[in-house]
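The values are calculated or read from the model by the stated rules, or taken from the named source; none is laboratory data. Everything quoted here is computed from the prediction, not taken from an experiment. We place every Cβ from the backbone using ideal geometry, glycine too, and count neighbours over all the protein chains shown.
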Amino acid sequence: MASNVIARVRPDQLQHATPCTEWDVRALINHVVGGNLRFAAMVTGEPGPDGGEDVLGGDPLASFQNSFGALCEAFDRPGFLGQVFLTPLGEGPGALLVEMRVVELTIHTWDVAAATGRPRDLDQELVGFADSVLRSRPIPRGVGGPFAPEQPSPPGATGADRLAAFAGRVVPAPEHEAGR
């Protein structure tokens, strides 16, 4: 899903503002790639990139795909799901790392799609999973937290739009509503 959205980002769209107001499209994709590499490093015990480090290079799609491949390889290790790791939320099993990446990848895929005018109707099963994970525990919101206060969802919003609104994104009205 993320790969398909990133593949459609044109070079002239890399500077577009995103719903993640601190990043343009390029910086947001860099954040996602860096996150994939940092989570893979958590599992392997190897050093990962720093949070603000530029790991994108000249080919955002290839960088994403390579980082996602490294992440999947790390997550595919025998016994990974039950192994305990130090996560950004404290100690937790590998399954928590998977949940965290699914949530972040789903929301940031929505961000890139919204910023580049692509359809925001993401895979419903994945969105449902990310939504249930995100709503299952308190999330850090506001200044210094990764999530802004929950925003209203417009009438007719898709599941992906409702997830984005819960994560603090301002969601535009669905296109069939926008012209009214």
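Results, tabulated for the structure shown:
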quantity: Candidates Glu73, Glu99, filtered to the one that is out of contact with any helix residue (DSSP H, G or I) (no Cβ under 6 Å at 6 or more places or on another chain), among the acidic types (Asp, Glu) and not in a loop (DSSP other than H, G, I, E, B); calculated: Glu73
quantity: The one condition in (1) modelled with pLDDT under 95; (2) farther than 21 Å from Arg26 by Cβ; (3) surrounded by 13 or more Cβ atoms within 10 Å (Cβ to Cβ) that Gly94 fails to fulfil; calculated: (1)
quantity: In the range 15-32, the residues that are surrounded by fewer than 18 Cβ atoms within 10 Å (Cβ to Cβ) and touching an Asp or Glu at 6+ places or on another chain (Cβ under 8 Å); calculated: Gln15, His16, Ala17
quantity: Selection within the range 36-60 - surrounded by fewer than 16 Cβ atoms within 10 Å (Cβ to Cβ) and touching a Ser or Thr at 6+ places or on another chain (Cβ under 8 Å); calculated: Gly57
quantity: Pair list, Cβ under 7 Å, 6 or more apart: the range 66-77 residue free of Cβ contacts under 8 Å to residues at least 60 places away in the same chain and over 13 Å from Gly94 (Cα atoms), other residue assigned to a helix (DSSP H, G or I) and β-branched (Val, Ile, Thr); calculated: Ser67/Val33
